[in-house]
Amino acid sequence: MLCRTNSIYSLQILNPVITYNKDYIDGLIEDRSKEYAIIIENKICNAPDQYKQIERYYKQVISYGVRKECIFVIYLTLDGRKKVSEYSLPDSLRKELEGNFVEINYKDNILPWLKNDILPNIMRKDYLLESGIEQYIDYLEYELGISNLDKLIQGAMNDFIYETLNL
């Protein structure tokens with residue numbers, strides 16, 4: 001498998017092994033035969049970047065036997081406003097990763113994917129999965145301040161302020 005691609009999105013994922021918090025890596029998707037690895041750094045709660053954090057994870061995955069050109073990194077944030085810093089991902093490694101590094105977020109990427117692609121395709125017999133996805137969508141919308149309840153509360157607060165201040 002030639003891994004250096006023009007984009008992480010063109011990676012064909014086969015035989016994945018998915019782990020969480022393995023060697024402090026938030027999410028790691030690896031091929032059983034070490035053909036590729038995808039490092040996921042999840043910053044949903046705006047956790048600060050740690051010194052050379054991405055670089056440490058990258059070196060750790062290399063130590064597992066994955067070739068450099070077959071390591072991909074996803075930097076996942078709540079709404080895309082937080083960007084990976086050079087403190088965590090030195091410029092030299094960013095250049096080395098080329099198209100194998102991507103910044104995505106829950107607001108613009110994960111939430112629409114869950115709503116438009118995953119939820120409509122869940123079979124009715126998988127009602128527990130459907131309920132779990134719906135609850136996760138509600139949670140993400142709450143965290144992003146875009147839930148229906150947030151909109152209702154915001155409207156009520158605006159009405160109260162206008163009435164109280166006689167605007």
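Numerical summary
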read-out	value
Any pair with Cβ under 9 angstrom, 6 or more apart, that starts in region 103-124 at a residue that is of a type in the set (Phe, Trp, Tyr) and ends at one that is surrounded by 15 or more Cβ atoms within 10 Å (Cβ to Cβ)	TYR106/ILE44; TYR106/LEU76; TYR106/THR77; TYR106/LEU78; TYR106/ASP79; TYR106/LEU140; TYR106/GLU143; TYR106/LEU144
Selection count where residues are closer than 17 Å to ILE110 by Cβ, hydroxyl-bearing (Ser, Thr, Tyr) and open to solvent by 50 Å² or more (accessible area, probe 1.4 Å), scope region 25-84	0
Filtered residues of region 31-51 (kept if of a type outside the set (Ser, Thr, Tyr), assigned to a loop (DSSP other than H, G, I, E, B) and under 18 Å from ARG67 (Cα atoms))	ARG32, LYS34, GLU35
Single match in LEU14, LEU28 (criterion: among the aliphatic types (A, V, I, L, M), over 12 Å from LEU76 (Cα atoms) and not in a strand (DSSP E or B))	LEU14
Number of the exception - GLU69 against (1) over 13 Å from the mean Cα position of the chain (by Cα); (2) within 30 Å of ILE146 (Cβ to Cβ)	(2)
Top-ranked residue of region 9-48 - restricted to ones that are of a type in the set (Asp, Glu) and under 15 Å from the mean Cα position of the chain (by Cα), ranked as nearest to GLU98 (Cα to Cα)	GLU41
Selection from region 88-97 of residues that are within 13 Å of LYS43 (Cβ to Cβ) and open to solvent by 10 Å² or more (accessible area, probe 1.4 Å)	none
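This table checks each residue for (1) farther than 29 Å from TYR136 by Cβ; (2) of a type in the set (Lys, Arg).
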{"residue": "ILE25", "(1), (2)": "no, no"}
{"residue": "LEU28", "(1), (2)": "no, no"}
{"residue": "GLU41", "(1), (2)": "no, no"}
{"residue": "TYR51", "(1), (2)": "yes, no"}
{"residue": "GLU55", "(1), (2)": "yes, no"}
{"residue": "LYS59", "(1), (2)": "yes, yes"}
{"residue": "GLU69", "(1), (2)": "yes, no"}
{"residue": "SER88", "(1), (2)": "no, no"}
{"residue": "SER92", "(1), (2)": "yes, no"}
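The values are calculated or read from the model by the stated rules, or taken from the named source; none is laboratory data. In this text the structure is predicted, and so the values were computed from the model without any measurement. Reconstructed Cβ throughout: ideal geometry from the backbone, glycine too, with neighbour counts over all protein chains shown. Surface accessibility is based on the protein's heavy atoms, side chains included, excluding ligands, DNA and RNA. Shrake-Rupley method; radii C 1.70, N 1.55, O 1.52, S 1.80 Å.
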